[in-house]
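A short worksheet on the structure shown next.
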There are 6 protein chains.
Amino acid sequence: MFAVEVRDHVMIAHSLPSPVFGPAQGMHGATFVVDAAFYTGDLDENGLVVDIGLATEALSAALAPLRYCNLDEVAAFKGKITTTEFLCHHIWSQLRETTQTTGLGDGGRVRRIRVMLHESHVARGWYEADI
Amino acid sequence: MFAVEVRDHVMIAHSLPSPVFGPAQGMHGATFVVDAAFYTGDLDENGLVVDIGLATEALSAALAPLRYCNLDEVAAFKGKITTTEFLCHHIWSQLRETTQTTGLGDGGRVRRIRVMLHESHVARGWYEADI
Amino acid sequence: MFAVEVRDHVMIAHSLPSPVFGPAQGMHGATFVVDAAFYTGDLDENGLVVDIGLATEALSAALAPLRYCNLDEVAAFKGKITTTEFLCHHIWSQLRETTQTTGLGDGGRVRRIRVMLHESHVARGWYEADI
Amino acid sequence: MFAVEVRDHVMIAHSLPSPVFGPAQGMHGATFVVDAAFYTGDLDENGLVVDIGLATEALSAALAPLRYCNLDEVAAFKGKITTTEFLCHHIWSQLRETTQTTGLGDGGRVRRIRVMLHESHVARGWYEADI
Amino acid sequence: MFAVEVRDHVMIAHSLPSPVFGPAQGMHGATFVVDAAFYTGDLDENGLVVDIGLATEALSAALAPLRYCNLDEVAAFKGKITTTEFLCHHIWSQLRETTQTTGLGDGGRVRRIRVMLHESHVARGWYEADI
Amino acid sequence: MFAVEVRDHVMIAHSLPSPVFGPAQGMHGATFVVDAAFYTGDLDENGLVVDIGLATEALSAALAPLRYCNLDEVAAFKGKITTTEFLCHHIWSQLRETTQTTGLGDGGRVRRIRVMLHESHVARGWYEADI
């Protein structure tokens with residue numbers, strides 16, 4: 001299988017309101033360096049998985065509502081705990097929609113997406129699934 | 001599939017006593033930067049794959065018997081050649097046991113583990129399997 | 001599954017002659033940092049996936065015809081658009097041939113290869129398949 | 001000159017209340033991966049710049065009051081804008097005090113300290129000065 | 001001294017027409033990941049070295065004439081050998097001019113600039129000087 | 001000032017026989033990823049700090065006696081504690097000698113050398129001085 005992966009980042013605040021999070025229950029924050037990988041079974045006539053410019057724009061658009069935000073105040077996350085894993089799935093869902101709507105330049109050949117969030121130099125999470 | 005990955009490291013000495021290892025047959029050593037990834041099919045009620053604190057402790061505990069060691073003198077490795085790949089599997093086995101015993105906070109949702117050892121900026125190995 | 005991955009790089013020039021590439025249609029270039037991963041189901045009697053020295057040599061040999069080249073003038077790429085993804089597959093094919101011919105020291109246990117090209121700090125592509 | 005550098009990180013929330021910060025004026029956050037370097041003119045009788053264990057503890061102690069915090073509510077930062085640069089200097093000051101008080105194991109040979117905060121894969125800041 | 005550093009990249013083709021360059025005499029290329037650091041002696045009233053947004057724009061503008069270019073055809077480089085070191089100095093000169101003209105938001109407090117070009121995972125060059 | 005930096009690595013065993021090293025007193029080991037930077041005040045007629053091929057060879061030659069070694073058995077280190085910092089200075093001395101003898105292709109323009117050893121993802125040391 002082929003894949004192309006692009007990178008961007010967001011800087012957010014949030015609280016994680018459950019005792020399991022210990023010192024992270026209060027308001028704190030994170031830089032998430034975000035990698036989005038798009039998988040196809042073959043290359044198009046230009047030798048591409050997807051148009052990397054469009055993939056970069058899709059990731060940037062998926063991250064736009066999160067940039068410099070307090071996630072506790074984002075309506076879409078009402079009642080949710082915005083863990084790294086949860087955000088991986090959220091961004092993945094946004095990218096699936098963009099990919100299915102626009103094809104990222106290739107008319108719908110993308111089969112699978114992976115979204116990985118690096119939260120520090122020692123921890124990261126990801127969600128990967130067929131679309 | 002979801003995953004969370006944590007990082008730690010160990011600094012060990014060992015010899016690799018087989019002609020295939022050429023100059024690495026004698027006593028030398030390595031820093032292994034170790035990534036342990038835990039995979040689940042879903043998130044728990046707190047939006048977690050596993051409790052990242054418990055995952056970090058599990059990795060640290062798996063590495064503890066190796067820290068600042070000469071692996072040639074570790075009883076568990078008697079008669080074994082402690083290659084990067086072999087150590088990936090060894091640490092993976094330790095993490096599988098911890099995961100199955102403790103659930104890493106989630107009552108047994110972990111399906112798969114990957115253990116990756118970076119031995120330098122140009123070489124690494126890993127073992128990944130369902131548990 | 002076990003894997004061992006080695007790293008090398010090439011510095012090439014090329015043009016990408018299709019309107020989809022926008023400003024990259026003209027002659028430009030890239031450093032590709034190349035990771036080649038070899039997968040096996042088990043370890044050999046020395047505790048190895050493959051001989052890492054042979055794997056490194058195989059990757060270096062696969063990259064040799066590309067080093068400091070203008071890919072537009074490489075006969076093997078006549079009529080092709082040498083995208084990152086295309087080159088992943090090209091190098092993968094070279095490594096498959098070497099692996100099948102030489103076994104990389106292990107008599108044919110390699111089942112799968114992945115070739116990943118990092119084209120910058122924010123973009124990379126890969127091809128992964130059973131051999 | 002000799003130096004030893006150790007790494008840790010903190011995950012914080014803050015706002016940057018000045019129009020110059022544009023979208024970062026509101027509550028958001030960051031992971032700061034923090035490198036602290038200690039410089040000496042020579043090595044001690046054990047071949048050390050400083051005791052790396054003590055240096056790591058000193059950095060961890062300097063970061064402790066910031067871990068998982070909303071910096072807007074930290075008394076020490078009242079009336080301050082907690083930019084990356086400002087925090088470099090703040091942590092530097094903490095490390096200078098620890099170094100001057102404890103010597104980090106070497107009786108006061110440290111001449112200079114640098115504190116670098118990586119706020120993303122594309123931006124970082126530092127403060128470096130003699131102590 | 002304080003510093004803030006931002007990162008961008010360019011992908012270029014060039015030849016290095018002197019026997020000292022061996023296989024790199026012909027047309028080939030590189031991805032240069034470029035770090036630009038700006039140094040000041042103090043922070044401004046907002047706690048800043050420079051406005052990081054303006055610094056990022058200044059770097060992007062300095063790189064714009066090089067993006068996806070064949071440097072052999074860039075008029076400004078006529079008769080020059082466009083080594084990594086040479087390009088460090090060239091970009092540094094552009095940034096000096098922008099800094100002196102615009103102040104990067106701070107009215108002329110920048111004292112020193114460093115421009116670093118990473119040409120691969122094993123080689124990089126830089127130029128650093130007072131402005 | 002201009003600089004060019006090249007990277008290589010060694011994998012060694014050693015013991016650190018002083019109580020200050022705690023658990024590292026016994027036989028253990030390390031991968032040292034080694035960066036060697038060469039500084040000049042100007043560029044030569046080919047636009048170079050030094051010949052990067054010669055710099056890479058010089059570093060490789062300096063590391064050759066350490067590759068896959070038990071440093072406790074290296075005659076040159078008899079009675080020494082082979083800390084990261086000590087090794088930085090040792091390799092620096094080797095590179096100074098090579099630079100002064102051969103000029104690294106430029107007839108003696110190198111003014112300063114820095115040798116940095118990365119011992120893990122969270123610790124490194126360096127020695128930098130005029131030659």
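The values are calculated or read from the model by the stated rules, or taken from the named source; none is laboratory data. Model, not experiment: these values are computed from the prediction. Heads up, the Cβs are rebuilt from the backbone with ideal geometry, glycines too, and the neighbour counts pull from every protein chain shown. What goes into the accessible areas is simple: the full protein's heavy atoms, side chains included, and nothing from ligands, DNA or RNA. Shrake-Rupley method; radii C 1.70, N 1.55, O 1.52, S 1.80 Å.
Some points to look at:
- Lone qualifier among D:55, D:30 - being of a type in the set (Gly, Ala, Ser), closer than 30 Å to residue F:78 by Cβ and at pLDDT 95 or above: D:55
- Consider segment D:6-20 and keep the residues that are open to solvent by 30 Å² or more (accessible area, probe 1.4 Å) and either facing chain A (nearest Cβ under 9 Å) or hydroxyl-bearing (Ser, Thr, Tyr) (or both). The one that is farthest from residue D:65 (Cα to Cα) is D:7.
- Qualifying positions in segment B:99-123 - farther than 19 Å from residue B:49 by Cα and more than 12 Å from the chain's Cα centre (by Cα): B:119, B:120, B:121, B:122, B:123
- Of the numbered criteria (1) within 23 Å of residue B:116 (Cα to Cα); (2) touching a residue at least 12 places away in the same chain (Cβ under 8 Å); (3) open to solvent by less than 60 Å² (accessible area, probe 1.4 Å), the one residue C:62 fails is (1).
- Within segment E:13-30, the set of residues being in contact (Cβ under 8 Å) with a residue 60 or more places away in the chain and in a strand (DSSP E or B) comprises E:14, E:30.
- Any hit, segment D:40-59, residues being at positive phi and either open to solvent by 30 Å² or more (accessible area, probe 1.4 Å) or within 13 Å of chain A (Cβ to nearest Cβ) (or both): no
- Scanning segment C:89-112 for residues that are within 23 Å of residue E:120 (Cα to Cα) and in contact with a helix residue (DSSP H, G or I) (Cβ under 6 Å, 6 or more places away or on another chain) returns C:91, C:94, C:95.
- Residue-level analysis places residue D:129 outside the set of residues that are among the small types (Gly, Ala, Ser), open to solvent by less than 60 Å² (accessible area, probe 1.4 Å), outside any loop (DSSP other than H, G, I, E, B) and over 24 Å from residue E:35 (Cβ atoms).
- Any chance residue C:124 is of a type in the set (Lys, Arg) and either at the interface with chain A (Cβ under 7 Å from one of its Cβ atoms) or surrounded by fewer than 18 Cβ atoms within 10 Å (Cβ to Cβ) (or both): yes
- Checked against the criterion of being within 14 Å of chain E (Cβ to nearest Cβ) and either surrounded by 21 or more Cβ atoms within 10 Å (Cβ to Cβ) or not aromatic (Phe, Trp, Tyr) (or both), the candidates C:37, C:3, C:30 yield just one match: C:30.
- For segment F:60-74, taking the residues that are not in a loop (DSSP other than H, G, I, E, B) and not hydrophobic (A, V, I, L, M, F, W, C), the one that is nearest to the other protein chains (Cβ to nearest Cβ) is identified as F:70.
- Which numbered condition residue B:72 misses (of (1) more than 15 Å from the chain's Cα centre (by Cα); (2) open to solvent by less than 40 Å² (accessible area, probe 1.4 Å); (3) closer than 20 Å to residue F:12 by Cβ): (2)
- Each residue in segment D:85-106 was checked for being among the aliphatic types (A, V, I, L, M) and at positive phi, and 1 of them qualify.
- Residues that are outside any helix (DSSP H, G or I) and either more than 10 Å from chain E (Cβ to nearest Cβ) or open to solvent by 60 Å² or more (accessible area, probe 1.4 Å) (or both) within segment D:76-116 comprise D:78, D:79, D:80, D:106, D:107, D:108, D:109, D:110, D:111, D:112, D:113, D:115, listed in sequence order.
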